[in-house]
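Each remark here refers to the structure printed beneath this line.
Please treat every number below as a calculation from the coordinates, not as lab data. Just so we're clear, the structure is a prediction, and the values are computed from it rather than from any experiment. Every residue, glycine as well, gets a Cβ built from its backbone with ideal geometry; the counts of neighbours run over all protein chains shown.
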Amino acid sequence: MYNIVSYYEAETVGEATALLAENPNLRLIAGGTDVLIKMHNGQIAEAELLSLRKIKSLGTIRKAKDGTIVIGAMATFTQVFNDPILREMIPILTEAAISMGGPQIRNIATIGGNVCNGATSADSAASLFALNAQLKLEDLKGERVVPIREFYLGPGKVALKSGEILTEILISPDNYQGFGGQYLKFAMREAMDIATLAVAVVCKLQGQTFAEVRIGLGVAGPIPLRCLEAEAYAQGKEVSVATVVEIGKLALNSAQARTSWRASQEYREHLVQELVPRALKTAIVNAGGVELV
Ligand SMILES: Cc1cc2nc3c(=O)[nH]c(=O)nc-3n(C[C@H](O)[C@H](O)[C@H](O)COP(=O)(O)OP(=O)(O)OC[C@H]3O[C@@H](n4cnc5c(N)ncnc54)[C@H](O)[C@@H]3O)c2cc1C
C-alpha cells in the first residue's frame, strides 16, 4: 500500500539539495497530502522519500525590506490563512487558503506542495497567477527565480529540474500595492471539494478608470492561466457595468475549458463569464472604487 523504500529528513535546504544531488531518485515530501494519496493509489511505487518538514526556514512568511512578500514553501494553508501580512496585503491568497480542503488538510498541506503538484485545480494557483508570483528554486549549485506562469507545463508537470527544491514564493510590491482583489472558488458542494472553476481578480483604479486588471483562472484549462486579452482591454477603460461585462466575455477567449466528470465545457465557460465580472465588481470596491449594480 505505502511502499516506502527509504525515508530521509533534511534540516536545512543545503542538506536537502545535497541529498537530492547524491540520489536523484529521491521524491520530495512536504505535507504528503498529494504524495501519500498517489502512493496509496499505486501511482507511485517504491518511493524513496526526502521530507522537508524539519527545515524551519521554509515555514516562514515575511515582508522583505523592499516590500516583497516572501512565503516559505513549507507554509501550511492554515498558516497562510492566519498570517497578518497576507491578510492585509494580499487577501485573495488567504481567501484561497480557507477555501482549500478541510481543517485537517489545511493544517498539514503546504503552499509549496500545492504549486509543485502542478494541478490546474490547485487553490493557490489562480491567486498566485493574478499576483504575478515568482518562485525561488534552489539546487546544490545555486538558485533561480521563475515566474509562476512559466512554471506550470502541463497537468501534473512543472518546471522543476532534477535536484531542485521550491524554497520561496515571492510577490513584489508593484504587484499588490494599491490593488483590490477577490478570489472565487466554484465547487459542486459547499463542503470540502475541488474547484470546478477558480477565479482570482486584482485591479488598480485611476479615478473612474482601470489602471490595471489581472485575472487568474484555475480549471479553465489544463494548467492555470491568465486572461491577457481581457486584461489588455480593461486598461484605461471606464469603470462601468458595460466594461466589466465585456471583460467577462473577453476572459472566455483565454479559457481552454474541457468537459470532465465534474462539469461540461459549456458549463465551465458559463462560469467564466459569470464569475469574472462578479469577482471584478468586488475587487473594484476593495480597490476603493464604487459598487456597480
Ligand atoms: C482530502 C483532501 C482534500 C484536498 N482538497 C484540496 C482542495 O480543496 N484544494 C486544493 O488545491 N488541493 C486539495 N487537496 C490536494 C493537496 O492537499 C494539496 O495539493 C496540497 O497543497 C499539497 O501539499 P503537500 O504539502 O501535502 O504536498 P505533498 O503531497 O508533500 O507534495 C506534492 C508534490 O509537490 C512536491 N513538492 C512538495 N514540496 C515541494 C518543494 N518545496 N519543492 C519541490 N517539490 C515539492 C512533491 O514531491 C509532490 O510531487 C486535497 C487533498 C486531500 C487529501
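The charge dipole of the chain, taken about the Cα centre with unit charges on the Cβ atoms of Lys, Arg (+1) and Asp, Glu (-1), comes to about 180 debye, rounded to the nearest 20.
Per residue, the average separation of C-alpha pairs within less than 8 Å and at least 6 apart gives region 178-286 a relative contact order of 30 percent. Using just its DSSP H runs of length 4 or more, each adding -39500 (n - 2.57), the chain gives a mean residue ellipticity at 222 nm of -9500 deg cm²/dmol after division by all residues.
When you count the other C-beta atoms within 10 angstrom of each residue and take the mean per peptide, 36-47, 6-17 line up highest first as 6-17, 36-47. Charge dipole (Cα centre; +1 on Lys/Arg Cβ, -1 on Asp/Glu Cβ; no other charges) of region 178-286 amounts to roughly 180 debye.
Note on region 56-174: dipole from Cβ charges, positive end direction compared against 73, 121, 169; the farthest Cα belongs to 73. Each listed q (0.07, 0.08, 0.09, 0.16 Å⁻¹) maps to a log10 I(q)/I(0) for the chain, found by the Debye formula over equal Cα scatterers with no solvent: -0.26, -0.34, -0.43, -1.26. For the chain, the antiparallel share of DSSP beta bridges with both residues in that region comes to about 85%. When all alpha carbon pairs of region 56-174 are counted in 5 Å bins from zero, the resulting P(r) reads 2, 12, 23, 27, 20, 11, 4, 0 %. Each Lys and Arg adds +1 at its Cβ and each Asp and Glu adds -1 at its Cβ; summed about the Cα centre, region 4-51 shows a dipole of about 220 debye. Per q in 0.17 Å⁻¹, report the Debye log10 I(q)/I(0) for region 117-214, using one uniform scatterer on each alpha carbon and no solvent. These q points yield log10 I(q)/I(0) values of -0.86. Tell me, what is the percent relative contact order of the chain, built from C-alpha pairs under 8 Å that lie six or more residues apart? For the chain, the relative contact order is 15 percent.
Centroid-to-centroid, using Cα positions, region 29-65 and region 122-151 are 17 Å apart. Of 65/141; 157/185; 54/157; 38/157; 185/237; 204/281, which ones are farther than 20 Å apart at the Cα? Over 20 Å apart, Cα to Cα: 65/141; 157/185; 54/157; 185/237.
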